[in-house]
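Values in this text are rule-based calculations from the coordinates and carry no lab data. Since this is a predicted model, take the numbers as computed values, not measurements. Reconstructed Cβ throughout: ideal geometry from the backbone, glycine too, with neighbour counts over all protein chains shown.
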Amino acid sequence: MTVVEQGVISQEGRELAQYIKDLYSSGAKMWTKYMFYDIEAVLVREPRPHYTLIRSMNGALRKKQVPLDGESCDFCEYLYVFPRLKTIQELVHAAEEQEFEYDDDEPWPPPTEPDIVDDRALATRALTFASTDGPSLATYSPALQAAWTEVQRNWKQSATCAGLTSIFSKDASISKTTKRVVCFGLGNFGVSPDYTCMESLAECDDLPVCRAMTQHAAALTVAETLGKRLGTGPLPIFAQDPEYSPAAKHLLASVGIEVVGGRGSLGFTHVDDDTIVFTVCSNICVKQIVADIAKPLAMIWDRVSRKVDERSEFMRQFHEGKWQHVVPWVTDQDSPRTRKLVEDYDDFELPADLERFSDIAVYVRRD
């Protein structure tokens, strides 16, 4: 049972959580583009670094040791280290329970006198590290190409495609400065040589779901529609998903989608005020990050919740014969800043296709 549910949050925990909320309310940024440039550059120089410097939301720099699942680097050469990005909800909850990461952190520059770890610096750090065994190594296959061809055909005949095309061709007011489409977490495909993703059928149209492929086909439609409207030709498309296999990268390159390199945060360096952002149920907090670093021309993403109650208590759920604790927020959770961001946007509905797109909406900036 969590500390919150036991009702024994310490006074220190309450004060630290309130400090984070007040800092956030003041406008302090959890992330900046420079943070992403810097962390990705570190991982290029040293794919499994021993430590690096990370900026906290309160501006403090701390020398962060990079954990590798408790193992020494000698035994973890196969591990893939990547930036882990935390939501404001995670920071507040960790502060309440005093569970933020200490590791072997040190302030930077080193203090001239013995230092007591600054909880406020560690508790407001929204960027840290995690590790995994890396993406699938599946290679390209004719079956994958055949699946993609069928998915494109099905997509172009769908009501969702017609709705998306209408929005970006005539319904929404679009700035002539629109430069690119940047996609986050649209999903991998091609996980095995004979993979076709055609088995599961959607209830809305009885056609193959093919969630990841359909979402990438939708990105192409947005780029092509806007390019035609603006007279520029199809807009460039950048896509970030660390799970992309070589097969997926090969196919995406063949249709004009550039896969962003790096370790999972470099895509945010492509986002600015002239960008269309596209993500569906991402496994990272895309909406919160975008709200910190830019005011894009448009966002196609999960509908922004109007709910303002930012509860941090875990929920209890009975699963597989036992009670488990479940976080009360999703990975790409809304925040006060995401709600504030969309206040300056017109929102457009799309035909329901929950199996492929969940509950997404299109937000277009009012200029």
Exercise. What shape does the stretch 195-270 have by the C-alpha gyration tensor, where a ≥ b ≥ c are the square roots of the eigenvalues, rounded means a/c under 1.5, and otherwise prolate means a/b greater than b/c and oblate the rest?
Worked result: oblate
Problem set entry | Residues whose placed amide H lies under 5 Å from that of L53, excluding near-sequence neighbours | K64
Problem set entry | Under 5 Å, built H, 5+ apart or other chain: amide partners of R84 | T128, F129, A130
Seminar exercise, completed: Per DSSP, the loop-located GluC sites (Glu not before Pro) within the stretch 152-259 having at most 12 other beta carbons within 10 Å are E199, E203
For this session: Rounded to whole Hz and in sequence order, give me ³J(HN,Hα) for the stretch 43-60 from the Karplus expression 6.51 cos²θ - 1.76 cosθ + 1.60, θ = phi - 60°, writing x for Gly and Pro.
Result: 6, 6, 5, 9, x, 10, x, 7, 6, 7, 8, 10, 8, 8, 4, 8, x, 6
